[in-house]
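Below is one structure, written out as structure tokens; comments come after it.
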Amino acid sequence: MQNVVLIIHLILALSLIGVVLLQRSEGGGLGIGGGAMGPQAGRPPLTGLAKLTWGFAIAFIGTSLALTVIGAADSSDVSVLDRISATPAPTVETPSIPLPDVQLPPVSDGPLLPPAGN
């Protein structure tokens, strides 16, 4: 069931993108332009494409809510953090690599660099 709703959701998302891109710009986006839109000018009536956009948007929100409800019903009552702490992490033993027998020079308490000559 979840896969069917998810496929419908994706088709609605692509359709919504397509319908929005097909619409003509009315101007006035972010306060730019606007043409003859005065303070007394009303909103123009919705076109068929705008009504289709509203329909796709409502259906998209509906499938989003349906996916949320289905996902919540399928989830378990145990928290993710509880599941992580309940199962111990598998221990993997790393093979020990023999290190070469190297003798380091003795450490002195003096300066590490010789004094600068004048």
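Laboratory data are not the source of any read-out in this text; all were calculated from the coordinates shown. Treat the numbers as computed from the prediction; the structure is a model and nothing was measured. Note that we place each Cβ from the backbone using ideal geometry, even for glycine, and neighbour counts take in every protein chain shown.
Assorted remarks:
- Sorting Thr68, Thr63 by the number of Cβ atoms found within 10 Å of their own Cβ, with the fewest placed first, yields Thr68, Thr63.
- Neighbour-count ranking [beta-carbon atoms within 10 angstrom, fewest first] of Val92, Val20: Val92, Val20
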